Amino acid sequence: MGVGTRGSSFCLGKIYCSRFYGEATIWTNSQQRMGAGGSIARLASPASVGAHGTLQSGQCRGSIQFRSDPSASHLLRSAAFSRGLCARRLAAPPPAFASAEFPGSVPDGAEMPPPRRRRRSVAGIDQDGLLDPDALADPDSSFYEINGIRLHHKVCTHEDSSDQSLDLVISNADQSIIGLPIVLLHGFGASIFSWSRIMRPLARIAGAKVLAFDRPAFGLTSRTSWSGDDTKTLNPYSMAFSVMATLAFIDQLGAEKTILVGHSSGCLVAVDAYFEAPERVAALVLVAPAIFAPVFRRKSVQENGVGEQEGQKQKDSNGVNLPTNPLNRILGEFLELCMWIAGLVVNMIRAIGRMFRSLYSRAVVAILRSSVAVMLVRLIMDKYGILAVRNAWYDPSKVTDHVIQGYTKPLRSRGWEMALLEYTIAMITDSTSTSGVPASQRLSEISCPVLVVTGDTDRLVPSWISERVARSIPGATFEVIKNCGHLPQEERAEEFVCVVERFLRRAFGTPNEQEQVF
């Protein structure tokens, strides 16, 4: 506020009232000197302040004159409006939290209450208190470290008798001991929990240890970040690492051979482990095998077969007719030149396609490693995680809270969403890799005993796909469990154990037992 002079008075300053677009000039008499430290804090009679009012404080007394803006003259015509507004503005004390510079603002020393943050939840699991996998382990859990990854696993021996819920379905289990350990490989989104009902019954049938472990990105196996330029020798989320872990657990069991039981995508791990070390695998049990979708392969094979036959017929007819006519020979050479050019163009197109696929894969990988992808994974798991578990059963109404808790427990592990994205990236990388022949094209090379089991109402891997897998493997046994979905080992545990027992006794039992099975 500047100080000026007007006759025998001093101009102390102006008070602007933005609500009515006017201004008030404060004048004080020359006889009433006001020092630099004076202030107008308390008014004697604020209600009497109007167009010409008296302003009074402990140190000064003066009058207020209003000079209204011409554009707001219609507001100043109302004396009651201006009188009441100015009285309120001049009389009201400043708020306790207002600063001198900005009325109504929060001073530096004041503490604001912390904003209330909305708690995050995914499939009913609180995401604000995530823990390390070790803190979520069960009393019978164990961890085995491979390349810095702590793999969560459980081992059940045939001596265990604490759970006898399925012992009655094992017929003549004491007659002979197969003596081969079993390794269980779960599918996508599952964990050791998927095998919890059949581990002890299988151990009694085999007369040996049964081991199940959580593949990286699932269950309680430790999560780790991974990038293409990582110094680690092998991507822990790749198929190759799962195969290596499977063979490492076979070594840990101390057995020369073992029986591999895979479910859904775990069947691909079992088959790849067989091709990696066929001498270590005694038999394969493939449950709802998600190895390949033959609907596309079937069409291409038929088309290729027809084309080859027609080409052979054309070649035979040309072999008879071409020598008799020189024009046909010239025409044939011209056609060969055209075919060579066409082959060159096709190869160029394929090379361009591979390049675009590589660029596409890189773009997808970059997107999957972004924060947007993490939010999307949380949203998908929250909206469809439990629904997917129920949809995997033939009768969703029989999915208990215990089952839901078993599948959602890994969501309490720190870093579960990034691990799931890295696993997806590894699948994309493996699918675009040109090194090696896919296992789906080598099924005819399997020579060990194989059992393929499926549910008749599997919505995820239809039974006809499992049947096609069984037909692709020489001598494979195909079994269908009635009124069962994608999880026979959970939904029809008793029937599943019986099917596996018949298969193992037919393959490894005594001659008398083999005759009884047949």
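Each value in this text was obtained by applying a stated rule to the coordinates, not by laboratory testing. Treat the numbers as computed from the prediction; the structure is a model and nothing was measured. Quick reminder, even Gly has a Cβ in these numbers, built from the backbone with ideal geometry, and neighbours come from all protein chains shown.
Listed values, structure above:
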read-out: FRET efficiency, residue 364 to residue 483 (Cβ-Cβ, R0 35 Å, nearest 0.05); value: 0.35
read-out: Residue-span extension gain [residue 146 to residue 256] - 0.36 nm each, minus C-alpha spacing; value: 37.6 nm
read-out: Neighbour net charge for residue 239 - beta-carbon separation under 11 angstrom, K R +1, D E -1; value: -2
read-out: Peptides ranked, highest mean first, by Cβ atoms within 10 Å: ranges 388-397, 282-291; value: 282-291, 388-397
read-out: Nonlocal amide H pairs with residue 146, under 5 Å, H built at 1.01 Å; value: 151
read-out: In Hz, Karplus ³J(HN,Hα) per residue of the stretch 461-478 (6.51, -1.76, 1.60; θ = phi - 60°; x = Gly, Pro); value: 10, x, 4, 6, 5, 4, 5, 5, 4, 4, 5, 7, 9, x, x, 6, 9, 10
read-out: Karplus (6.51, -1.76, 1.60) ³J(HN,Hα), θ = phi - 60°, over the stretch 380-394, in Hz, Gly and Pro reported as x; value: 5, 5, 5, 7, 10, x, 5, 4, 5, 5, 5, 5, 6, 9, 5
read-out: Protection proxy ranking of 484-492, 378-386 - average other beta-carbon atoms within 10 Å, highest first; value: 484-492, 378-386
read-out: Of 209/409; 209/482; 209/383, those spanning more than 32 Å from alpha-carbon to alpha-carbon; value: 209/383
read-out: Full-stretch length increase - residue 371, residue 126 - with 0.36 nm per residue and alpha-carbon distance subtracted; value: 86.3 nm
read-out: J(HN,Hα) series, the stretch 189-202, from Karplus relation 6.51 cos²θ - 1.76 cosθ + 1.60, nearest Hz, glycine and proline x; value: x, 9, 6, 4, 3, 4, 9, 4, 7, 10, 5, 5, x, 5
read-out: Residues whose placed amide H lies under 5 Å from that of residue 132, excluding near-sequence neighbours; value: 414
read-out: Peptides ranked, highest mean first, by Cβ atoms within 10 Å: ranges 410-416, 444-450, 130-136; value: 410-416, 444-450, 130-136
read-out: Under 5 Å, built H, 5+ apart or other chain: amide partners of residue 452; value: 286, 477, 478, 479
read-out: Label zone at residue 135, where the point sits 7 Å out along the Cα-to-Cβ direction: the stretch 408-423 residues whose backbone N lies under 17 Å; value: 409-417
